[in-house]
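Notes follow the structure.
The values are calculated or read from the model by the stated rules, or taken from the named source; none is laboratory data. From a predicted model like this one, the values you see are computed outputs, not experimental measurements. All Cβ positions, glycine included, derive from the backbone under ideal geometry; neighbour counts span all protein chains shown. For accessibility, only protein heavy atoms count, side chains too; no ligands or nucleic acids. Shrake-Rupley method; radii C 1.70, N 1.55, O 1.52, S 1.80 Å.
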Amino acid sequence: QVQLVESGGGLVQPGGSLTLSCAASGSIFSIYLMGWYRQAPGKQRELVATITNGDIARYADSAKGRFTISRDNAQNTVSLQMNGLKPEDTAVYYCNADLRIRRFSDLINYWGQGTQVTVSS
């Protein structure tokens, strides 16, 4: 069984910063891609940022220049440093991972349970 557990969400004022963290645990052989998605009320879930096990990062246009994704391959963790937060960043943020549970198994996609980020004065 694999679990992704997020932490670090909360309430922050516009212009403020938050760091989200996600830890993957369980029967994991290797993790290829880790990332963050978000879903605001009434909207579809959207990509925020992803990072490969080779530290190649990709960002949504809305996150470029404000958010930084990083990972620790040894600890199976991924973080999202968010600066200059705006009210439109308010959403539930979900951790996501593509991983193998055995050496030659297919990649399987997993989601965390989500953490709420609210940007408001």
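Listing for the model above:
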{"quantity": "Filtered trypsin sites (Lys or Arg not before Pro), the range 46-121: DSSP coil and at most 10 other beta carbons within 10 Å", "calculated": "Lys64, Arg102, Arg103"}
{"quantity": "Heavy-atom surface of the chain, accessible at 1.4 Å and reported per residue (Å²)", "calculated": "54"}
{"quantity": "Accessible heavy-atom area order of Glu6, Glu88, Glu46, highest first, probe of 1.4 Å", "calculated": "Glu88, Glu46, Glu6"}
{"quantity": "For Thr115, net neighbour charge (Lys/Arg +1, Asp/Glu -1) across residues whose Cβ lies under 11 Å away", "calculated": "0"}
{"quantity": "HN-Hα J in Hz across the range 25-40 - Karplus 6.51, -1.76, 1.60, θ = phi - 60°, x for Gly and Pro", "calculated": "9, x, 7, 10, 8, 7, 10, 7, 10, 10, x, 10, 10, 9, 9, 8"}
{"quantity": "Of Val12, Val48, Val78, the one that fluctuates the most in a GNM where the chain has Cα springs shorter than 10 Å", "calculated": "Val12"}
{"quantity": "Chain lengthening between Arg100 and Thr118 when straightened (0.36 nm per residue, less Cα-Cα)", "calculated": "3.2 nm"}
{"quantity": "Mean Cα-pair separation over length for the chain, i.e. relative contact order, pairs under 8 Å, 6 or more apart, %", "calculated": "36"}
{"quantity": "Fully extended contour minus Cα-Cα distance, from Gln3 to Ser25, at 0.36 nm per residue", "calculated": "7.4 nm"}
{"quantity": "Dipole magnitude of the chain, debye to nearest 20 (Cβ charges: Lys/Arg +1, Asp/Glu -1, about Cα centre)", "calculated": "120"}
{"quantity": "Carbon + sulfur, % of accessible area of the chain - ligands and nucleic acids excluded, 1.4 Å", "calculated": "47"}
{"quantity": "Charge sum, other residues only, whose C-beta stays under 15 Å from Asp61's C-beta, Lys/Arg counted +1 and Asp/Glu -1", "calculated": "+2"}
{"quantity": "Formal net charge of residues neighbouring Phe29 (Cβ-Cβ distance under 9 Å; K, R +1; D, E -1)", "calculated": "+3"}
{"quantity": "Restricting the range 1-96 to chymotrypsin sites (Phe, Trp or Tyr not before Pro) in coil, as DSSP defines it, with at most 15 other Cβ within 10 Å", "calculated": "Phe29"}
{"quantity": "Which of Gly8, Asn83, Ile51, positive extreme of dipole for the chain (C-beta unit charges)", "calculated": "Ile51"}
